[in-house]
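The values are calculated or read from the model by the stated rules, or taken from the named source; none is laboratory data. Since we're looking at a predicted model, the values are computed, not measured. All Cβ positions, glycine included, derive from the backbone under ideal geometry; neighbour counts span all protein chains shown. Accessible surface areas use protein heavy atoms only, side chains included; no ligands, DNA or RNA. Shrake-Rupley method; radii C 1.70, N 1.55, O 1.52, S 1.80 Å.
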Number of protein chains: 2
Amino acid sequence: MAEIPESHRDLLDAQTLSLATIDPAGRPQVTTVWFLAENGLPRISLNTARKKVRNLRRNPACSASIFDPNNAYRYLEIRGDAEIEPDDDYAFADRLGAKYGADVRAIDGPGETRVVVTIRPMRINAVNLGG
Amino acid sequence: MAEIPESHRDLLDAQTLSLATIDPAGRPQVTTVWFLAENGLPRISLNTARKKVRNLRRNPACSASIFDPNNAYRYLEIRGDAEIEPDDDYAFADRLGAKYGADVRAIDGPGETRVVVTIRPMRINAVNLGG
């Protein structure tokens with residue numbers, strides 16, 4: 001499995017991640033989401049009512065980019081397949097919420113559910129355009 | 001045609017743009033590139049030897065995201081089709097280079113050519129997660 005190089009591992013502490021998925025028409029869509037690094041990989045909590053979850057269930061191919069907020073030329077891209085696991089009890093969502101000081105349960109509507117998305121890396125690009 | 005709202009038009013002056021394209025396997029790939037705003041839209045100069053040009057020629061569906069370097073929660077996403085025009089004489093590449101104080105001709109190898117990519121917007125998402 002591809003590994004995140006030491007040079008870019010600090011980006012796992014960043015605040016947001018940009019997730020590119022493929023929509024039903026085969027077109028790319030990109031959204032920015034909260035994430036939490038666990039076991040050296042970014043993991044995302046998604047409300048299953050969201051279009052990006054439907055996209056990933058149909059086509060798990062995705063790309064996650066994390067940009068250095070202090071250096072617009074430095075970023076990390078992880079390409080791979082999304083592995084989607086249920087998070088019905090908000091176990092992961094609560095850990096994610098702690099990173100942001102937020103109550104993820106309060107963000108969701110009644111009856112909505114959560115999943116954890118982990119990207120299994122096929123290719124990792126650690127980029128520093130200025131370096 | 002979708003328009004960039006006034007609230008996010010300042011992002012057209014940002015330094016980089018993240019371009020999501022679809023590779024031959026139907027998977028998303030994201031790269032960060034220089035761009036120049038002309039006629040209210042971001043335009044990109046690409047060396048035709050690059051994989052993203054081949055991706056766009058095969059499938060023009062793409063997504064361009066511009067992140068506010070000072071606010072990780074604020075970004076603009078433009079989804080649409082890439083229109084690819086030749087830039088054999090580097091007319092656009094020279095204007096782009098002026099934005100960055102760079103000589104784009106010196107970046108390219110002998111015999112390489114450039115195109116200008118303009119995204120014809122089908123949908124624009126002006127996002128402020130914090131707002």
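List of remarks:
- Cα centroid of segment A:44-79 to Cα centroid of segment B:35-77, whole Å: 17 Å
- Taking θ as phi - 60° and the Karplus parameters 6.51, -1.76 and 1.60, the scalar couplings of segment A:42-57 work out to x, 10, 10, 9, 10, 6, 5, 6, 7, 4, 5, 5, 4, 4, 5, 6 Hz in sequence order, x denoting glycine and proline.
- With 27 Å as the limit, the listed pairs A:Lys99/B:Lys51; A:Lys51/A:Lys99; A:Lys51/B:Lys99; A:Lys52/B:Lys99 have A:Lys99/B:Lys51; A:Lys51/B:Lys99; A:Lys52/B:Lys99 beyond it between alpha carbons.
- Between A and B, accessible area buried - total, square angstrom, nearest 100, 1.4 angstrom probe: 2400 Å²
- Reduction of at least 40 Å² in accessible surface, 1.4 Å probe, comparing all protein chains with the chain by itself, residues of segment B:13-37: B:Thr16, B:Ile22, B:Arg27, B:Pro28, B:Val30, B:Thr32
- Relative compactness, chain A, computed as alpha-carbon Rg over 2.2 N^0.38 Å: 1.04
- Per-residue Karplus couplings for segment A:70-82, computed as 6.51 cos²θ - 1.76 cosθ + 1.60 with θ equal to phi - 60°, are listed in order as 9, 7, 5, 9, 10, 7, 10, 10, 10, 9, x, 9, 6 Hz, Gly and Pro entered as x.
- Proximity of backbone amide H atoms, modeled 1.01 Å from N, is registered between B:Ala37 and B:Arg43 at under 5 Å, excluding neighbours fewer than 5 places apart on the same chain.
- Share of carbon and sulfur in the accessible heavy-atom surface of segment A:1-50 [1.4 Å probe, %]: 48 percent
- In the protein assembly as shown, helices alone account for a calculated mean residue ellipticity at 222 nm of -4500 deg cm²/dmol, with every DSSP H run of four or more residues adding -39,500 (n - 2.57).
- Phi angles across segment A:21-38 convert, under the Karplus curve 6.51 cos²θ - 1.76 cosθ + 1.60 with θ = phi - 60°, into 3J(HN,Hα) values of 10, 10, 7, x, 8, x, 9, x, 10, 10, 10, 9, 9, 6, 8, 9, 7, 9 Hz, Gly and Pro given as x.
- Expected-Rg normalisation [2.2 N^0.38 Å, Cα atoms] applied to the protein assembly as shown: 1.01
- Taken per residue, the accessible surface of the protein assembly as shown reaches 45 Å², heavy atoms only and a 1.4 Å probe.
- Only the Cβ atoms of Lys and Arg (+1) and of Asp and Glu (-1) were treated as charged; on that basis the dipole of chain B about its Cα centre amounts to roughly 540 debye.
- Stretched out straight at 0.36 nm per residue, the stretch from B:Arg120 to B:Ala91 would grow longer than its current Cα-Cα span by 8.4 nm.
- Listed residues A:Gly80, A:Val116, A:Leu96: farthest to the positive end of the dipole of segment A:77-131 (Cβ charges): A:Gly80
- Label separation (B:Ala98 vs A:Asp13): 4.2 nm, computed from points 7 Å beyond Cα along the C-beta direction.
- Here the convex hull built on the C-alpha positions of segment B:82-131 has a volume of 123 cubic angstrom per residue.
- Taking amide hydrogens as placed 1.01 Å from N in the peptide plane, the amide H of A:Asp87 sits under 5 Å from those of A:Arg114, A:Val115, A:Val116, each at least 5 positions away in sequence or on another chain.
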